[in-house]
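The values are calculated or read from the model by the stated rules, or taken from the named source; none is laboratory data. Being a predicted model, the structure only gives us computed values, none of them experimental. Glycine gets a Cβ as well: all are built from the backbone with ideal geometry, and neighbour counts include every protein chain shown. Accessible surface areas use protein heavy atoms only, side chains included; no ligands, DNA or RNA. Shrake-Rupley method; radii C 1.70, N 1.55, O 1.52, S 1.80 Å.
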Amino acid sequence: MPSPANRLAQFSESVIRSMTRLANSCGAINLSQGFPDFDPPEAVLAALETATRGPHHQYAVTWGAPRFRKALANKINRDTGLAVDPDQHLVVTCGSTEAMMVAMMTACNPGDKVIVFSPFYENYAADAILSGAEPIYVTLNAPNFGYNSAELEAAFEQKPKAIIVCNPSNPTGKVFTRDELLEILELAKKHDAYVITDEPYEHIVYEPQVHTYACALPDAFERVITCNSLSKTYSITGWRLGYVLASATVIAQARKVHDFLTVGAAAPLQEAAVAGLELPDSYYAELQTSYARKRDVFLSYLRQTGLPFTEPQGAYYVMVDISSLGFPTDTEAAAWFAKKVGVAGVPGSSFFREPEHRFIRFHFAKKEETLHAAGERLLRLADAAWLKEVLALERD
Ligand code: GLN
């Protein structure tokens, strides 16, 4: 029998998505894979109904339906102050997942080094392997998940082709400040590297933090390859709509990669999503307020469990330190949480380069009632007698 390609032995299936399957099989409340249990905005749903009866059932233009790209460029220009040209600076992709793969394959030759902050969103390791790049890891140190400038500089000394920056960061909730991004850009300029950003949580940022668009910083546009998605902003993770935003030179190459990877994102969904892109500023303010409330609800339960955690500055994930429960690995702990506590999270080790088993990542992109139900289940952890009994059973 022929054997599959060697590169496939270097990574496993997504742990995030496997936790969703485990949650479903044991009836746990699923706070593992980050997606909402509430509907997209009404305007988007109405536009979807209309789009189903429109002339949008065949391939759209490979790099994105013109109407969608125009609305997207308008929104980006409003948010960033840039003058993005929908015909030159954008490729519409199947989610930020494809955008990242396109960015990596556009930027990197096999053997090139790429700086990745650890912990990192688990796709980046697979993106690096599939594009032939070799990651250099720079640690984001718990509990605040800051980086050490000397370590970052040392990583740049190794002549990477690119650095990946997830901002706001999944899984840590870190929001990179303007100064940090300027420092990263300065180093990238000095060592002639691309800055590849992944920004699907751009509108989910908690006060007093603000989101900084790296591509809009002075003298940055030619160097930054921005990957983004509509998934989280409009609660449409299943629509798989994302994009790459970059200079015309980069986009000319990125289009080729995208064209042969997927041909294009779903045409009727691009048509319908225009209604989302055209929503007024008040929509984004409300989204922010609503996520801030969800964060407060969920964190208030976590506080009562006594387990330490780092408050996210952005995105909708929280890394909870479960080391006090005494499990040998976080994978066992996460399975126990799903089966015995009834709340599923993702074992933190799937985001770390280092052998780190202290954390489970939970997300709170859920209706408040779901968060209350999950919170009530998590409160069992504060019941010493229950905990002792259940953990003893586990060890038998
Ligand atoms: N970004 C989400 C997470 O980290 C979902 C990932 C996915 O399954 N595409 O959970």
- In nm, the gap between the two label points placed 7 Å beyond Cα toward Cβ at Leu22 and Lys256 is 4.3
- Query: How far is helix 384-395 tilted, in degrees, relative to the longest principal axis of the Cα atoms in the chain, given as a value from 0 to 90 rounded to the nearest 10?
  - Reply: 80
- Note on the structure: A chain fully extended from Ser247 to Ser3 at 0.36 nm per residue, minus the present Cα-Cα distance, gains in nm 83.8 nm
- Message: Please list the three semi-axes, largest first and in whole Å, of the ellipsoid equivalent to the chain, using sqrt of 5 times the eigenvalues of its alpha carbon gyration tensor.
- Response: 34, 26, 21
- Scan region 58-147 for chymotrypsin sites (Phe, Trp or Tyr not before Pro) in coil per DSSP, keeping those whose Cβ has at most 14 other Cβ atoms within 10 Å, and list them by number. Tyr59
- Message: Rolling a 1.4 Å sphere over the protein heavy atoms, what is the accessible area per residue of the chain, to the nearest Å²?
- Response: 43
- The FRET efficiency for Leu391 and Asn141, from their Cβ-Cβ distance with R0 = 25 Å and rounded to 0.05, is 0.25
- Task: Show me 71-81, 148-158 ranked by packing, highest mean number of other Cβ atoms within 10 Å first.
- Result: 71-81, 148-158
- Task: For region 150-303, please report how many Lys pairs fall under 14 Å Cα to Cα, leaving out neighbours fewer than 8 apart on the same chain.
- Result: 4
- Item | Protein accessible area in the chain, 1.4 Å probe - carbon and sulfur % | 52
- Using amide H atoms built 1.01 Å from N in the peptide plane, name the residues 5+ places from Ile322, or on other chains, whose amide H lies under 5 Å from its own. Phe359, Ile360
- Query: What translational diffusion coefficient, in µm²/s and rounded to a whole number, does the Stokes-Einstein relation yield for region 240-322 at 20 °C and a viscosity of 1.002 mPa s, taking the hydrodynamic radius as the Kirkwood radius over Cα pairs?
  - Reply: 128
- Query: Extension gain Ala46-Asn77, at 0.36 nm per residue separation less the Cα-Cα distance, in nm?
  - Reply: 8.6 nm
- Message: Is there a quick way to get the dipole size of region 1-124? I mean about its Cα centre, with the Cβ of Lys and Arg at +1 and of Asp and Glu at -1; what is the value in debye to the nearest 20?
- Response: 180
- How far is helix 15-26 tilted, in degrees, relative to the longest principal axis of the Cα atoms in the chain, given as a value from 0 to 90 rounded to the nearest 10? 50
